[in-house]
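The values are calculated or read from the model by the stated rules, or taken from the named source; none is laboratory data. Quick caveat, the model's predicted, so the values are computed rather than measured. Here Cβ is always computed from backbone atoms with ideal geometry, including for glycine, and neighbour counts include all displayed protein chains. Heads up: the accessible areas ignore ligands, DNA and RNA and are worked out on the full protein's heavy atoms, side chains in. Shrake-Rupley method; radii C 1.70, N 1.55, O 1.52, S 1.80 Å.
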Amino acid sequence: MLDYDVEAARYDATRGGVPRAQSAARAILALVPERARTLLDVGCGTGLVTERLVRPGLRVFGTDAAPGMLAVAAERVGPALVLGDCQKLPFADGCLDAVCAVWLLHLLPDAPAVVAECARVLRPGGVFVTTVDKVAGHDVDSDVDALLAPYRVRRAYDAAPRVMAVASEHGLRRAGEARFTGHGQGRSPARTASDVARGHFASALALDEEESGTLVRRLERLPDPDVPRADPVYRLLALRKEG
């Protein structure tokens, strides 16, 4: 996994920036009930999405485990941020109306523990909104995808059936769904080759050192190396806590 303290300085510029964040925030808010008065953004990173989760009467908090990411987020979101482990959220049981986790579960082998924690801090009737199937969202049937396909991890940490099964164990039931475009995240061969070489796909691709080198060379030979392919489309699930 990437060192997000190191990655903080370049994170937004390499992740689609404001257009992607705006797209995500609109989709999240569409799934958060109007009656909600508190929302926690788990794994808030640099706060680029968090600061756009704005609605009258809604108080938004953010938490992340990387001090470097939170330092950037603090300039945007202010004091409503807490350094914390997503497996042990620094919030009391049943104290929040809504929780969101965007582009987080796909990174975590312990994603079920995170879903359980999000359920714990929700009030009855509260909603957990999370991205699922992130890697699948990037598959736009491009030449880049064709080279990545043989190495894709088949059992994603954030696979929708897995997330919903765990959610059900903790009293969460499906309440809605949305999709949004990951603006600026279309993969070019050159950028993908660089990301593979840096280990950026550690949670998405099963590669040993030799396979990684081979894949990088094949990507570098594709035509139009600096031209991004189509943007991904991400999937959000809303899960309501019973009671």
request  = For VAL233, state whether it is touching a helix residue (DSSP H, G or I) at 6+ places or on another chain (Cβ under 6 Å), open to solvent by less than 60 Å² (accessible area, probe 1.4 Å) and of a type in the set (Val, Ile, Thr).
outcome  = no
query = Quick check, is GLU7 modelled with pLDDT of 95 or more and at negative phi?
reply = no
message = So, in the stretch 82-125, exactly how many residues are among the small types (Gly, Ala, Ser) and touching an Asp or Glu at 6+ places or on another chain (Cβ under 7 Å)?
response = 1
message = I need the full set of residues from the stretch 65-108 which are over 19 Å from the mean Cα position of the chain (by Cα) and closer than 12 Å to VAL121 by Cβ, in order please.
response = PRO90, PHE91, ALA92, ASP93, GLY94, CYS95, LEU96, ASP97
query = For residues in the stretch 186-213 being among the hydroxyl-bearing types (Ser, Thr, Tyr) and within 19 Å of the chain's Cα centre (by Cα), which is least open to solvent (accessible area, probe 1.4 Å)?
reply = THR192
message = Between VAL127, VAL115, which is surrounded by 22 or more Cβ atoms within 10 Å (Cβ to Cβ), out of contact with any strand residue (DSSP E or B) (no Cβ under 7 Å at 6 or more places or on another chain) and at pLDDT 95 or above?
response = VAL115
task = Looking only at the stretch 97-104, decide whether some residue is of a type outside the set (A, V, I, L, M) and modelled with pLDDT under 90.
result = no
ask   = On the given criteria, is HIS183 under 24 Å from VAL233 (Cβ atoms), modelled with pLDDT under 95, open to solvent by 50 Å² or more (accessible area, probe 1.4 Å) and not aromatic (Phe, Trp, Tyr)?
value = yes
task = Would you mind stating whether LEU107 is closer than 20 Å to LEU205 by Cβ, buried (at least 16 other Cβ atoms within 10 Å of the Cβ) and either touching a residue at least 40 places away in the same chain (Cβ under 8 Å) or polar (S, T, N, Q) (or both)?
result = yes
key: Pair list, Cβ under 7 Å, 6 or more apart: the stretch 62-84 residue assigned to a loop (DSSP other than H, G, I, E, B), other residue hydroxyl-bearing (Ser, Thr, Tyr) and open to solvent by less than 20 Å² (accessible area, probe 1.4 Å)   = GLY84/THR63
remark   = Within the stretch 134-168, residues being open to solvent by 40 Å² or more (accessible area, probe 1.4 Å), assigned to a helix (DSSP H, G or I) and touching a residue at least 12 places away in the same chain (Cβ under 8 Å) number 5
